[in-house]
Amino acid sequence: MDNTADYRTLEKRAQRKDAFIKAGTYGILLVWAVMVLFPFYWMVLTSLKSYGTYNSEYVPALFTLSPTLENYRDAFTAVPLGRYLLNTAVFTVCTTATMVVVVTLAAFAFARLEFRGRDGVFVGFLSLMMIPNELVVVTNFVTVTELNMRNTFQGLILPSVMSVFYIYLLKENFEQIPDSLYKAAKVDGTSDLKYLIKVMIPISKPTLVTITILKIIECWNSYVWPRLITDDQAYYLVSNGIQEIRENGFGRENIPAMMAAVVVISAPLIVLFLAFRRKIMDGVSRGGIKG
């Protein structure tokens, strides 16, 4: 009886300990979630306040009883925000589509094709990741300027269609596919390109989806290169259009209108991430695990 009572006591202590640890973990995660999400809430809240209401608040209010959509109307009338969104969509789609093709072919070559110096070339590619981005930007700027491609979509797109990191990520995923499939396909007379399209791409679809989504986010948030290579408003993207909004649109005092523009610009990325968050996590984990 004593042993049974002692066992039950220890079991109850263990359960209380587990419950305490779980409660503490969820508490920490809850605090962290509030810290991460609060800036987004504040951005949306500010965009729903009128200019007069916002400026009359000596202590910022955490909610508003009289929300307005006037700031969103101003976001599309004070500056050509619609054009900025269209330019960004064209830039993002063209850059991402071209990059996926280039990265897929390069990763396939490094993962499956046998040629002299393959490993050395791949190490050379990886070494490019150690070059500071500032040096690459300067080189690309000189090249694009000499080719007379400033203030063109070609100048915006071409320097962004290759990524060493995405090649590495996809190569690691391709190498997880058994060599026996490739050898069997070659025995049947299947070309390398057909094997890539029919076998490797379907198997590696989660990683390809992840690469596509991450590139879309990267293009949508691109700022330094578009700002450097374009000084014509007709080619502004939403990222460098924000500065135009601040200087020549609403003015530096109209914070609610600026927040409305930022909400409009951020909404597509937030929706994209929420819709494909599981595929992103799955693709990254598949690309980083071998065997």
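Can you go through Leu81, Leu86 and tell me which one is in the same structural domain as Phe153 (by TED's automatic domain parsing), closer than 30 Å to Gln233 by Cα and touching a residue at least 40 places away in the same chain (Cβ under 8 Å)? Step through it out loud before you land on a result.
Values: Leu86 fails: touching a residue at least 40 places away in the same chain (Cβ under 8 Å).
Answer to the selection: Leu81.
Of the residues Tyr51, Tyr26, Tyr58, only one is of a type in the set (Phe, Trp, Tyr) and in contact (Cβ under 8 Å) with a residue 24 or more places away in the chain; which?
Details: Tyr26 fails: in contact (Cβ under 8 Å) with a residue 24 or more places away in the chain; Tyr58 fails: in contact (Cβ under 8 Å) with a residue 24 or more places away in the chain.
One residue alone meets the criteria, Tyr51.
Of all residues being in a helix (DSSP H, G or I) and among the hydroxyl-bearing types (Ser, Thr, Tyr) in region 175-193, which is surrounded by the most Cβ atoms within 10 Å (Cβ to Cβ)? Just the residue, please.
At the first step, the residues of region 175-193 found to be in a helix (DSSP H, G or I) are 179-187, 192-193.
Adding the requirement that they be among the hydroxyl-bearing types (Ser, Thr, Tyr) leaves 180, 182.
Working: Ser180: 8, Tyr182: 19.
Filtering first and then ranking leaves Tyr182.
Filter region 137-169 for residues that are touching a Gly at 6+ places or on another chain (Cβ under 7 Å) and closer than 17 Å to Thr96 by Cα and give the result. Step through it out loud before you land on a result.
Keep residues of region 137-169 that are touching a Gly at 6+ places or on another chain (Cβ under 7 Å), which gives 144, 149, 169.
Of everything in region 137-169, just one residue is touching a Gly at 6+ places or on another chain (Cβ under 7 Å) and closer than 17 Å to Thr96 by Cα, namely Leu169.
In the list Val102, Val136, Val121, which residue meets the criterion of being assigned to a helix (DSSP H, G or I), of a type in the set (Val, Ile, Thr) and at pLDDT 90 or above? So that I can check it myself, show each step before the final result.
Numbers: Val136 fails: at pLDDT 90 or above; Val121 fails: at pLDDT 90 or above.
So the residue among Val102, Val136, Val121 that is assigned to a helix (DSSP H, G or I), of a type in the set (Val, Ile, Thr) and at pLDDT 90 or above is Val102.
Considering only residues that are in a loop (DSSP other than H, G, I, E, B) and of a type outside the set (A, V, I, L, M), look in region 16-56 and name the one that is surrounded by the most Cβ atoms within 10 Å (Cβ to Cβ).
Pass one, region 16-56, residues in a loop (DSSP other than H, G, I, E, B): 48-50.
Filter again for of a type outside the set (A, V, I, L, M), leaving 49-50.
Values: Lys49: 24, Ser50: 16.
Ranking the qualifying residues of region 16-56, first place goes to Lys49.
Only one of these is surrounded by fewer than 22 Cβ atoms within 10 Å (Cβ to Cβ) and assigned to a loop (DSSP other than H, G, I, E, B): Ser266, Ser239, Ser222. Name it.
Ser222
Can you pull out every residue in region 183-209 that is hydroxyl-bearing (Ser, Thr, Tyr) and within 17 Å of Ala106 (Cβ to Cβ)?
Tyr195, Ser204, Thr207
Any idea which of Arg13, Arg83, Arg116, Arg73 is more than 30 Å from Asn151 (Cβ to Cβ) and surrounded by 10 or more Cβ atoms within 10 Å (Cβ to Cβ)?
Working: Arg83 fails: more than 30 Å from Asn151 (Cβ to Cβ); Arg116 fails: surrounded by 10 or more Cβ atoms within 10 Å (Cβ to Cβ); Arg73 fails: more than 30 Å from Asn151 (Cβ to Cβ).
Of the residues listed, the single one that is more than 30 Å from Asn151 (Cβ to Cβ) and surrounded by 10 or more Cβ atoms within 10 Å (Cβ to Cβ) is Arg13.
Assess whether Ala97 counts as being modelled with pLDDT of 90 or more and part of a helix (DSSP H, G or I).
Numbers: modelled with pLDDT of 90 or more: yes; part of a helix (DSSP H, G or I): yes.
Spelling it out, Ala97 is indeed modelled with pLDDT of 90 or more and part of a helix (DSSP H, G or I).
So Arg150 ticks every box in (1) part of a helix (DSSP H, G or I); (2) at pLDDT 85 or above; (3) farther than 30 Å from Asn254 by Cβ but one. Which box is left unticked?
Of everything listed in (1) part of a helix (DSSP H, G or I); (2) at pLDDT 85 or above; (3) farther than 30 Å from Asn254 by Cβ, Arg150 misses just condition (1).
Thr64 versus (1) part of a helix (DSSP H, G or I); (2) hydroxyl-bearing (Ser, Thr, Tyr); (3) under 20 Å from Val264 (Cα atoms): which is the lone unmet condition?
Just one mismatch for Thr64, condition (1).
Consider region 197-216. How many of its residues are closer than 12 Å to Tyr166 by Cα and of a type in the set (A, V, I, L, M, F, W, C)? Spell out how you get there, then give the answer.
Step one: of region 197-216, the residues closer than 12 Å to Tyr166 by Cα are 207-215.
When the remaining residues are screened for being of a type in the set (A, V, I, L, M, F, W, C), the result is 208-209, 211, 213-214.
Result for region 197-216: 5.
Say whether the condition of being at pLDDT 85 or above, over 28 Å from the mean Cα position of the chain (by Cα) and not in a helix (DSSP H, G or I) is met by at least one residue in region 194-206.
no
Can you go through Val138, Val161 and tell me which one is over 17 Å from Thr104 (Cβ atoms) and of a type outside the set (Phe, Trp, Tyr)? Working first, answer last.
Details: Val161 fails: over 17 Å from Thr104 (Cβ atoms).
Among Val138, Val161, only Val138 is over 17 Å from Thr104 (Cβ atoms) and of a type outside the set (Phe, Trp, Tyr).
The values are calculated or read from the model by the stated rules, or taken from the named source; none is laboratory data. The shown structure was predicted, so the numbers you read here are calculated from the model rather than taken from an experiment. All Cβ positions, even for glycine, are placed from backbone atoms using ideal geometry, and neighbour counts span all protein chains on display.
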